[in-house]
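Heads up, the thing below is written out as structure tokens.
The values are calculated or read from the model by the stated rules, or taken from the named source; none is laboratory data. Predicted model, so just to flag it, every value in this text is computed and none were measured. Here the Cβ positions follow ideal geometry from the backbone for every residue, glycine too, while neighbour counts run over all protein chains shown.
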Amino acid sequence: MRVLAAMSGGVDSSVAAARLVEAGHDVVGVHLALSRDPQATRESARGCCSLEDSADARRVCDKLGIPFYVWDFSDRFKEDVIDNFVWSYENGETPNPCLRCNEKIKFAALLERALALGFDAVATGHYAVLDDDGNLRRSADPLKDQSYVLGVLTRRELDACLFPVGDTEKPQIREEAARHGFATATKPDSYDICFIPDGNTQAFLGAKIGLRPGIVRDGDGTELKQHDGVFQYTIGQRRGLDLRVPAADGRPRYVTGIDAATGEVTVGPREALKVREIRADRLKVLHEAMAGTFEALVQVRAHGGVVPCRAAIAGDGMTLTLHEPLEGVAPGQAAVLYMPDPDGLGDVVLGSGTICATA
């Protein structure tokens with residue numbers, strides 16, 4: 001099989017490529033250049049697309065004796081990830097840029113080019129498993145499971161993917177990388193938003209959006225303060241509110257609502273964060289069981305817990321009635337549905353939707 005190995009410059013994609021070579025596949029490594037200005041992504045940023053990462057990926061490919069290329073996807077990245085990130089915050093949402101990058105760049109755009117060039121599949125270092133029937137399942141390592149961020153793919157995209165490390169726990173992956181002599185064996189995992197070099201998200205958004213004053217109100221309508229833009233807030237936020245006026249009961253207050261049209265931000269007690277219904281659109285269906293009305297598990301954050309729910313699909317939207325409340329659920333997040341583990345091989349991803357409203 002002719003496989004394009006997406007090389008982020010981290011330990012996971014390094015071992016994924018090594019396993020493909022050992023399995024006898026015809027492997028080519030590619031690193032994605034996502035910034036128009038390579039200096040804008042600082043070294044040691046713990047991102048996944050810096051000049052340092054590109055050099056690490058090249059060294060791994062040299063050790064494996066496979067070709068290595070850098071593909072420039074910076075224009076697509078700006079349009080589909082950075083601009084979307086800014087638009088979402090401007091409209092009171094809480095986006096996940098890494099999830100959007102997976103959806104739009106690392107799979108849709110990359111697969112499109114790879115298949116056009118005659119590759120049979122694209123392989124990444126994501127922690128997830130494809131079973132014998134092609135179903136996407138949770139990784140063998142629950143601490144590193146990335147099935148959530150892959151739940152936004154389409155069925156066609158998933159059919160052309162390989163996840164060589166998903167059946168192994170992270171410590172063993174690092175040991176395997178060390179045996180190969182990869183410098184990435186001890187490299188830290190990536191966490192930063194790669195296109196915000198200094199890590200100051202509010203300053204980045206402020207420069208892009210500009211000041212749009214509004215009001216922070218308590219749940220009873222009392223005006224507490226003015227703010228410079230709804231992009232400064234996310235649902236569930238507690239720190240950095242600088243309210244100065246304590247709550248009547250002395251308890252902490254959290255952001256419970258954001259109205260981008262009026263500029264109003266609502267705060268309240270933690271109980272006000274509880275959500276029992278989620279509405280989502282932009283559905284991605286990965287399993288035939290995601291149809292009509294059915295029981296499932298839902299996850300709304302990359303490393304969040306799951307709760308049981310009843311899902312009702314109608315057109316390109318769905319309503320999830322939660323059997324247990326969730327806190328801090330915000331529009332812009334993905335709601336990924338799972339079938340509880342049917343056979344001991346891990347929960348099955350049914351599909352996903354983008355959260356548009358909660359109740």
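Among the listed residues Leu297, Leu320, Leu326, identify the single one that is free of Cβ contacts under 8 Å to residues at least 60 places away in the same chain, in a strand (DSSP E or B) and touching a helix residue (DSSP H, G or I) at 6+ places or on another chain (Cβ under 9 Å). Before you say what the answer is, go through the steps one by one.
On the way: Leu297 fails: touching a helix residue (DSSP H, G or I) at 6+ places or on another chain (Cβ under 9 Å); Leu320 fails: touching a helix residue (DSSP H, G or I) at 6+ places or on another chain (Cβ under 9 Å).
One residue alone meets the criteria, Leu326.
Kindly indicate which of Tyr127, Tyr89, Tyr148 is in contact with a Phe, Trp or Tyr (Cβ under 6 Å, 6 or more places away or on another chain) and either under 20 Å from Ser35 (Cβ atoms) or touching a residue at least 40 places away in the same chain (Cβ under 8 Å) (or both). Outline the logic, then answer.
Details: Tyr127 fails: in contact with a Phe, Trp or Tyr (Cβ under 6 Å, 6 or more places away or on another chain); Tyr148 fails: in contact with a Phe, Trp or Tyr (Cβ under 6 Å, 6 or more places away or on another chain).
Of the residues listed, the single one that is in contact with a Phe, Trp or Tyr (Cβ under 6 Å, 6 or more places away or on another chain) and either under 20 Å from Ser35 (Cβ atoms) or touching a residue at least 40 places away in the same chain (Cβ under 8 Å) (or both) is Tyr89.
Collect the residues in region 151-167 that are touching a residue at least 40 places away in the same chain (Cβ under 8 Å) and in a helix (DSSP H, G or I), keeping them in residue-number order.
So the first thing to find is which residues in region 151-167 are touching a residue at least 40 places away in the same chain (Cβ under 8 Å), and the list is 151-155, 157-158, 160-166.
Scanning region 151-167 gives Arg155, Glu157, Leu158.
Of (1) surrounded by fewer than 21 Cβ atoms within 10 Å (Cβ to Cβ); (2) over 18 Å from Val129 (Cα atoms); (3) of a type outside the set (Lys, Arg), His303 satisfies all except one. Which?
(2)
From Gly257, Gly236, Gly250, Gly221, grab the single residue that is part of a loop (DSSP other than H, G, I, E, B) and in contact with a helix residue (DSSP H, G or I) (Cβ under 9 Å, 6 or more places away or on another chain).
Working: Gly257 fails: part of a loop (DSSP other than H, G, I, E, B); Gly250 fails: in contact with a helix residue (DSSP H, G or I) (Cβ under 9 Å, 6 or more places away or on another chain); Gly221 fails: in contact with a helix residue (DSSP H, G or I) (Cβ under 9 Å, 6 or more places away or on another chain).
Of the residues listed, the single one that is part of a loop (DSSP other than H, G, I, E, B) and in contact with a helix residue (DSSP H, G or I) (Cβ under 9 Å, 6 or more places away or on another chain) is Gly236.
Given the conditions (1) within 21 Å of Gly92 (Cβ to Cβ); (2) aliphatic (A, V, I, L, M); (3) modelled with pLDDT of 95 or more; (4) exposed (fewer than 15 other Cβ atoms within 10 Å of the Cβ), which single one is not true for Leu243?
Of (1) within 21 Å of Gly92 (Cβ to Cβ); (2) aliphatic (A, V, I, L, M); (3) modelled with pLDDT of 95 or more; (4) exposed (fewer than 15 other Cβ atoms within 10 Å of the Cβ), only one is false for Leu243: (3).
Assess whether Leu111 counts as being more than 17 Å from the chain's Cα centre (by Cα), surrounded by 20 or more Cβ atoms within 10 Å (Cβ to Cβ) and assigned to a helix (DSSP H, G or I). Lay out the reasoning, then the answer.
Details: more than 17 Å from the chain's Cα centre (by Cα): yes; surrounded by 20 or more Cβ atoms within 10 Å (Cβ to Cβ): yes; assigned to a helix (DSSP H, G or I): yes.
When the stated conditions are applied, Leu111 passes them.
Residues in region 116-123: is at least one in a helix (DSSP H, G or I) and not assigned by TED's automatic domain parsing to the domain that holds Asp259?
So far as region 116-123 goes, yes, one or more of its residues are in a helix (DSSP H, G or I) and not assigned by TED's automatic domain parsing to the domain that holds Asp259.
So, of the residues in region 56-84 that are within 24 Å of Gln232 (Cβ to Cβ) and touching a residue at least 40 places away in the same chain (Cβ under 8 Å), which turns out to be surrounded by the most Cβ atoms within 10 Å (Cβ to Cβ)?
Checking each candidate, the answer is Val81.
Keeping to region 199-218, report how many residues are crowded, with 16+ Cβ neighbours inside 10 Å and not in a helix (DSSP H, G or I).
So the count comes out to 4.
Filtering region 273-290 down to residues that are touching a strand residue (DSSP E or B) at 6+ places or on another chain (Cβ under 6 Å) and not in a strand (DSSP E or B), which residue is nearest to Thr319 (Cα to Cα)?
Looking at the filtered set, the residue picked out is Met290.
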